[in-house]
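Structure first, then comments.
The values are calculated or read from the model by the stated rules, or taken from the named source; none is laboratory data. Every value quoted in this text rests on a predicted model; they were computed, and no experiment measured them. Here the Cβ is made from the backbone with ideal geometry for all residues, glycine too, and neighbour counts use every protein chain on show. Side chains included, ligands, DNA and RNA excluded: accessible areas come from the protein's heavy atoms. Shrake-Rupley method; radii C 1.70, N 1.55, O 1.52, S 1.80 Å.
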Amino acid sequence: MSRSTQIRQLVTELEQAADVAVEASYDGRAQRWTLHWDNGPTTATMRTHLTGLAERAGLAVELFELSRIIQDDALALQAVRYLRTTRPGQDFSTSTSALAGEIERAARDSDHPDRPRDEREAVLAQRLLAAEGGSTTPQRLAERLLRPGHGLAALLENDLHHVRPGDPLWAAEYLTAHYSAAPGNQHGDRDDDRPDDGIGGGLGTAEQVRAWQRHLQTAPAPTLLAAVATDPEAGPIARIAALTLASPIRAELEAMLADHDHTELALITGLRAGGTAWAQIGRALGTTRQGAAQRADRLTTRTSPPTSTRH
């Protein structure tokens, strides 16, 4: 088998192992092959694949140079991922140069940095790159994302105004967006192009506002519910969003209460099995001897699984 045929076969096998298109070019003067690919695995990962395949083919690894190109779509995706997964005060996005460095590092050190983890990440990255005109750099991305009113939240465009009852993510984002940008909020950077729903008040500290505008981190659901409940000008959409959040909160509270009931009953049962008097248990519960016994009965009823009836 000729050397060129060996190289072509190795490239084919490398493409399969690395799951990326690879091009090979030969430098006759240096008598070396350069393998080029876009995004895909890191250089270290590709070298691992190459080493195994070259040894199996009887080719010296020294014959090859590796050249990886990080494309603009990968940079945009890594920018979105970085901001979505960090919190204000814990990230490096306090200056454009620092954020640009983090974006570049993340793209360089990630295998397949252009592959989104979920649909939301994919959409945000596409919109970010489109806002940059289809081409960008880490520095330009950082400048855009740190500009007042132009963090990740700006990429949602009018999505939040498409009412989705029953979708907790929409509800939390809708309420956070509009309360944090409400008139009278002295912490947020108001974007005059955003619609004003007439919701008064404002939400949270400057850090919480930045958490939303820059990182898409929503306020806690109880805080949002309280904001709607105390807002006399809350409109129908805000109330629908609040109801959407109320259901999972109720379910979480009910689950917590059920766990608490099991724990409390186990403690009472253990004390009684050890000979502790009802009067002492009652004092611990802030009630009487009789009240403690009645509470144990109620806990037993609440924590017992329902009995099935055969017909």
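Filtered by the rule that a residue be hydroxyl-bearing (Ser, Thr, Tyr) and in a helix (DSSP H, G or I), the range 286-305 gives Thr300, Thr301, Thr303. Kindly evaluate Thr276 against the criterion of being surrounded by 11 or more Cβ atoms within 10 Å (Cβ to Cβ), in a helix (DSSP H, G or I), at pLDDT 90 or above and of a type in the set (Ser, Thr, Tyr). Spelling it out, it is not the case that Thr276 is surrounded by 11 or more Cβ atoms within 10 Å (Cβ to Cβ), in a helix (DSSP H, G or I), at pLDDT 90 or above and of a type in the set (Ser, Thr, Tyr). Among the residues of the range 22-41, the ones that are under 30 Å from the mean Cα position of the chain (by Cα) and surrounded by 18 or more Cβ atoms within 10 Å (Cβ to Cβ) come to 4 in all. Flag: Pro88 does not match the condition of being open to solvent by less than 50 Å² (accessible area, probe 1.4 Å), at pLDDT 95 or above, in a loop (DSSP other than H, G, I, E, B) and touching a helix residue (DSSP H, G or I) at 6+ places or on another chain (Cβ under 7 Å). Residues that are free of Cβ contacts under 8 Å to residues at least 24 places away in the same chain and over 21 Å from Gln78 (Cα atoms) were ranked within the range 42-51; the one that is surrounded by the most Cβ atoms within 10 Å (Cβ to Cβ) is Arg47.
Identify, please: which residue in the range 101-128 is more than 14 Å from Leu145 (Cβ to Cβ) and of a type in the set (A, V, I, L, M) and is, among those, least open to solvent (accessible area, probe 1.4 Å)? Here the answer is Ala107. Taking the criterion of being open to solvent by 20 Å² or more (accessible area, probe 1.4 Å), touching a helix residue (DSSP H, G or I) at 6+ places or on another chain (Cβ under 8 Å) and within 15 Å of Leu83 (Cβ to Cβ), the residues of the range 133-147 that qualify are Pro138, Glu143, Arg144, Leu146. Of all residues in the range 1-16, exactly one satisfies the criterion of being of a type in the set (A, V, I, L, M) and open to solvent by 60 Å² or more (accessible area, probe 1.4 Å), namely Met1.
Restricting attention to the range 224-236, the residues that are open to solvent by 60 Å² or more (accessible area, probe 1.4 Å) and either of a type outside the set (S, T, N, Q) or within 22 Å of the chain's Cα centre (by Cα) (or both) total 4. Criterion applied to Glu13, Glu62 was being touching a His at 6+ places or on another chain (Cβ under 9 Å), over 30 Å from Ala142 (Cβ atoms) and not hydrophobic (A, V, I, L, M, F, W, C), and the one residue passing it is Glu13.
Looking at the range 206-230 only, could you name the residues that are more than 21 Å from Arg120 (Cα to Cα) and not β-branched (Val, Ile, Thr)? Hits for the range 206-230 are Ala206, Glu207, Gln208, Pro222, Leu224, Leu225, Ala226, Ala227, Ala229. The single condition among (1) more than 20 Å from the chain's Cα centre (by Cα); (2) buried (at least 21 other Cβ atoms within 10 Å of the Cβ) that Ala74 does not satisfy is (1). Within the range 47-77, the set of residues being modelled with pLDDT of 95 or more, charged (D, E, K, R) and not in a strand (DSSP E or B) comprises Arg47, Asp72, Asp73. Every listed requirement among (1) in contact (Cβ under 8 Å) with a residue 60 or more places away in the chain; (2) on the phi < 0 side of the Ramachandran plot; (3) open to solvent by 20 Å² or more (accessible area, probe 1.4 Å) is met by Asp19 save one, (2).
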